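First comes the structure, then the notes that go with it.
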Amino acid sequence: MAASREDRVIYLDNAATTPCDPRVVEAMLPYFTEHFGNTGSRNHRYGWEAEAAVDTAREQVAALLGADEKEIIFTSGATESNNLAIKGVAYMYEKAPAGSGACRGHIITTSIEHKAVLDPCKRLQKEGFEVTFLDPPADGVFTAAMVEAAIRPDTILVSMMWANNEIGTINEVPQIGALCHARDIIFHTDATQWAGKMPVDVERDCIDLLSLSGHKLYGPKGIGALYVRRRKPRVRLQALVDGGGQERGYRSGTLNVTGIVGLGKAAALAKAEMDAEGQRLLALRKRLESMVTSQLDHCAVNGHADKRLPHIANISFGFVEGESLMMACKELAVSSGSACTSASLEPSYVLKGLGVGDELAHSSLRLSMGRFTKDSDIDAAVASIVKAVRKLRELSPLYDMHNEGIDLSKVEWGHH
Ligand code: PMP
């Protein structure tokens, strides 16, 4: 049942997922019923119609990235794209066979990637590859110099997210790409939070493999893409899913035509509207951050001051607990510092990685704006957060003690 106006929850969790743009849904609808063919049906009209639609979508996704349409592999989302890129490269370019006892190859990534990169890397580690997980500096931004210092003669792959999903920090991806190209190392970027929001040119940015996901750019869930460079260098992958040989053999299975049409349309819209939308979102984010920090003491915006995505704000609020804050702002759909990790209330490994203490990592909110966020949503969200933080602090003995000038770090707490 649709929520009434009064109990409408303001959606500020666009980094978790975005609603489908109605223009995307409209483009998809005929492919469920009228044009329902299988692209593999080469001998009748239904198949040809489906294939033509997939060709168009492939061109649209390629255009978003400055790529050739032959370089786009459709997958089920960024998790699958990351797995295919990382494991696919590792198995194809290994330096020593499994079970030989020798290092099968060295991979460089970071300790604050999404689990969809961390976990494939950890699996490869168990299988005999060596992985360097670079720790972030306090501002969260990885530079080419940091990667350069970790390169070894047997490094086969660097996988670095373009922008972080929790704090929105932007890494030096084009510089890291150039470094990898100069050293003949394959470079993969998880661009799930970047693609469709910020410009990509795989040639200029020296990218060999790039993952993206439909549901982060106003397309449907369960569809994504992997860009695979075909020349200079030609990147080869070992397939993870075997079968009918679709997607140039890299990803077997009947194509999700409706999803692909939706992703294509979403990519075309994102490309056309990116500049204006980016500026609008940046203004919204800056307004949100400055309104919150000017009305509340003891709060800090996490991540680099400027090298951050326009639409993600991550703020720590001293003397409150993130989960209680979320409970106190039920009219807001936001994410706490622990939401992405699991149902357990472990503080975010990303914030901890940046050196944010457990206390503050627990008291953080991620607010992420999107295409359908209005100015009035920001005003309402700020009002609700400010009110909730003040109320929770009124109940906080720690905040009282702090205001009385007691140095909490020196207090000896009883151990029972
Ligand atoms: N990488 C990043 C950076 C993400 O933010 C996400 C989604 N939270 C993923 C990968 C996984 O994407 P998908 O849901 O399409 O598998």
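The values are calculated or read from the model by the stated rules, or taken from the named source; none is laboratory data. Since this is a predicted model, take the numbers as computed values, not measurements. All Cβ positions, even for glycine, are placed from backbone atoms using ideal geometry, and neighbour counts span all protein chains on display. We work out accessible area using only protein heavy atoms, side chains counted, and drop any ligands, DNA or RNA first. Shrake-Rupley method; radii C 1.70, N 1.55, O 1.52, S 1.80 Å.
For this structure, a couple of remarks:
- Listed residues 74, 133 arranged by accessible area, highest first, probe 1.4 Å: 133, 74
- Intensity falloff of the stretch 22-270 expressed as log10 I(q)/I(0), Debye formula with alpha-carbon point scatterers, at q = 0.16, 0.17 Å⁻¹: -1.11, -1.23
- The chain: most fluctuating residue of 266, 276, 50 per GNM, C-alpha cutoff 10 Å: 276
- Sorted largest first by accessible area at a 1.4 angstrom probe radius, with every protein chain in place, the residues 386, 9 fall in the order 9, 386.
- Three-way shape call for the chain based on the alpha-carbon gyration tensor, with the a/c threshold at 1.5: oblate
- Shape of the stretch 1-102, Cα gyration tensor, a/c cut at 1.5: oblate
- Most fluctuating residue given options 264, 357, 168, as computed from a GNM of the chain linking Cα atoms under 10 Å: 357
- Averaged over its residues, the chain has an accessible area of 44 Å² per residue, based on protein heavy atoms and a 1.4 Å probe.
- Of the residues 215, 311, 298, the one with the largest accessible area comes first in the ranking 298, 215, 311, computed with a 1.4 Å probe on protein heavy atoms.
- Separation of the residue 96 and residue 123 label points, Cα + 7 Å toward Cβ, nm: 2.3
- Take residue 349: with every protein chain present and a 1.4 Å probe, its accessible area is about 50 Å².
- Over the chain: helical MRE at 222 nm, DSSP H runs n ≥ 4 each giving -39500 (n - 2.57), nearest 500: -12000 deg cm²/dmol
- Most mobile listed residue (90, 182, 300) in the chain, GNM with C-alpha springs under 10 Å: 182
- Stretched out straight at 0.36 nm per residue, the stretch from residue 115 to residue 375 would grow longer than its current Cα-Cα span by 90.3 nm.
- Looking at the stretch 22-270, the DSSP beta bridges with both ends there are about 40 percent antiparallel.
- Net lengthening on full extension, residue 290/residue 38 (0.36 nm per residue, minus Cα-Cα): 85.6 nm
- Within the stretch 287-303, backbone nitrogen closer than 18 Å to the virtual label 7 Å beyond the Cα of residue 383 toward Cβ: 287-296
- Accessible surface of the chain [probe 1.4 Å, protein heavy atoms]: carbon and sulfur percent: 54
- Residue 93 exposes around 60 Å² of accessible area when a 1.4 Å probe is run over every protein chain in place.
- Full extension of the chain between residue 26 and residue 359 gives 115.3 nm of extra length, using 0.36 nm per residue less the Cα-Cα distance.
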